[in-house]
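The structure under discussion appears below in the form of structure tokens.
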Amino acid sequence: MKKNILIVTVIALSNFASASLVEDAKKVGLAPIPTDKSELIKLIDNPKNPINKAKVELGKALFFEPRLSKSNLISCNTCHNLATGGVDGVSAAIGHNWTANPHHLNSPTVYNAVFMEKQFWDGRELDLEAQAQGPLQAKPEMAISKEMAVKRISSMAGYKEQFKEAFGDNNISFQKIADAIGAFERILVTPSNFDKFLAGDQKALSTEEQEGLKTFIDKGCTACHTGIGIGGGMQKFPLVKPYKYANIGDFKGDKNGMVKTPTLRNIAQTAPYFHNGAVWSLEEAVMIMGETQLGMALKDKEIKSIVTFLKSLDGEMPTITYPKLPSVTAMTPQPKVD
């Protein structure tokens, strides 16, 4: 009888601790991805570019469309590979003519990018639709002009039908191309066990993962990594101590030295880390953040605990069927590799 009472007491205390941790997480701004579909749509939708099924399907085709690059070889998926965590897995993005990003900038994940307050490492754009226009035109990336993009897509009959269904007319413009891509990217969200835990499922995280979350909160990581995106705002970097790999590339942030805080969702899948992709170990990344941003030397046990929590942020990827793209015609401008 006493043994049963002890077991019940231990379980009750464990549940109380879990509930308390959830409250602590919410107090510092951490929030779950909504499970209700209508709530999620309200959260991820853009009133200036309302999501609809046809637009998302068109955006998916354009996301995988290599003919939206000057060479016909590079698509959005090249640097934001949906099969590999939404990233390319290299330190600096590789674009047109096998050109590495001139500032040695790493490709951030496209998954959960909709929850970011700003887009690009320097936060120069506010939404995914505006962001989509940049890489298409950038010479070290897809290197296509607005005019060529429209000519390529307009030359293929299948796209005209899709644009009419998505936008109400078949008038293809560069803005609509970017808007469709942005609409598709908005649905790329990955709910995880962490979201279940915040929503009240106290068994969704293991004891070790909960301990890691507590360490994550107690050490002050949530000063930057918070919200539904567990990141996405702009922060001074470096803040307290110099970043040990600052000599790789020349990126210094925006005019005020502010850098976009990357999402920690699926972080175990998105190495290498930091804006210049200089760090391949998640443990080293946590250690550097402790020194650089928090001004403290985290103990090995604390680093291991935080990493255990971070791995719980691996989410359920949406099922994406690779699209069958429209065929080129005699009117389709040919690729240029120079």
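The values are calculated or read from the model by the stated rules, or taken from the named source; none is laboratory data. Nothing here was measured: the structure is a model prediction, and the numbers come from that model. Ideal geometry is used to build each Cβ from the backbone, glycine not excepted, and the neighbour counts take in all protein chains shown.
Data table
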read-out	value
Candidates 81, 106, filtered to the one that is out of contact with any helix residue (DSSP H, G or I) (no Cβ under 9 Å at 6 or more places or on another chain) and touching a residue at least 40 places away in the same chain (Cβ under 8 Å)	106
Residue that is of a type outside the set (Phe, Trp, Tyr), surrounded by fewer than 21 Cβ atoms within 10 Å (Cβ to Cβ) and within 19 Å of residue 114 (Cα to Cα), where the choices are 226, 270, 261	226
Criterion: of a type outside the set (Ser, Thr, Tyr) and within 18 Å of residue 130 (Cα to Cα) - qualifying residue of 51, 41	51
Near pairs, Cβ below 8 angstrom, 6+ apart or cross-chain, from the stretch 160-188 (within 24 Å of residue 316 (Cβ to Cβ)) to any residue that is part of a loop (DSSP other than H, G, I, E, B) and among the acidic types (Asp, Glu)	182/127; 186/45
Given (1) closer than 30 Å to residue 240 by Cβ; (2) in contact (Cβ under 8 Å) with a residue 24 or more places away in the chain, index of the condition residue 303 fails	(2)
Residues within the stretch 283-306 that are within 21 Å of residue 204 (Cβ to Cβ) and buried (at least 20 other Cβ atoms within 10 Å of the Cβ), tallied	2
Residue check, residue 60 buried (at least 19 other Cβ atoms within 10 Å of the Cβ), within 21 Å of the chain's Cα centre (by Cα) and assigned to a helix (DSSP H, G or I)	yes
Unmet criterion (only one of (1) modelled with pLDDT of 95 or more; (2) part of a helix (DSSP H, G or I)) for residue 73	(2)
Single residue of the stretch 73-123 satisfying the filter (at positive phi and either assigned by TED's automatic domain parsing to the domain that holds residue 257 or small (Gly, Ala, Ser) (or both)) that is surrounded by the most Cβ atoms within 10 Å (Cβ to Cβ)	86
Those residues of the stretch 273-289 which are touching a residue at least 24 places away in the same chain (Cβ under 8 Å), more than 14 Å from the chain's Cα centre (by Cα) and on the phi < 0 side of the Ramachandran plot, in sequence order	276, 278, 279, 282, 283, 286, 288, 289
Count of residues meeting criterion [without any contact (Cβ under 8 Å) to a residue 40 or more places away in the chain and not in a loop (DSSP other than H, G, I, E, B)] in the stretch 21-57	8
Considering residues of the stretch 146-174 that are among the polar types (S, T, N, Q) and surrounded by 15 or more Cβ atoms within 10 Å (Cβ to Cβ) only, the residue farthest from residue 59 (Cα to Cα)	155
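Each row is one residue, and each column tells you yes or no for (1) assigned by TED's automatic domain parsing to the domain that holds residue 239; (2) assigned to a loop (DSSP other than H, G, I, E, B).
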{"site": "264", "(1), (2)": "yes, yes"}
{"site": "276", "(1), (2)": "yes, yes"}
{"site": "287", "(1), (2)": "yes, no"}
{"site": "290", "(1), (2)": "yes, no"}
{"site": "297", "(1), (2)": "yes, yes"}
{"site": "306", "(1), (2)": "yes, no"}
{"site": "328", "(1), (2)": "no, yes"}
{"site": "336", "(1), (2)": "no, yes"}
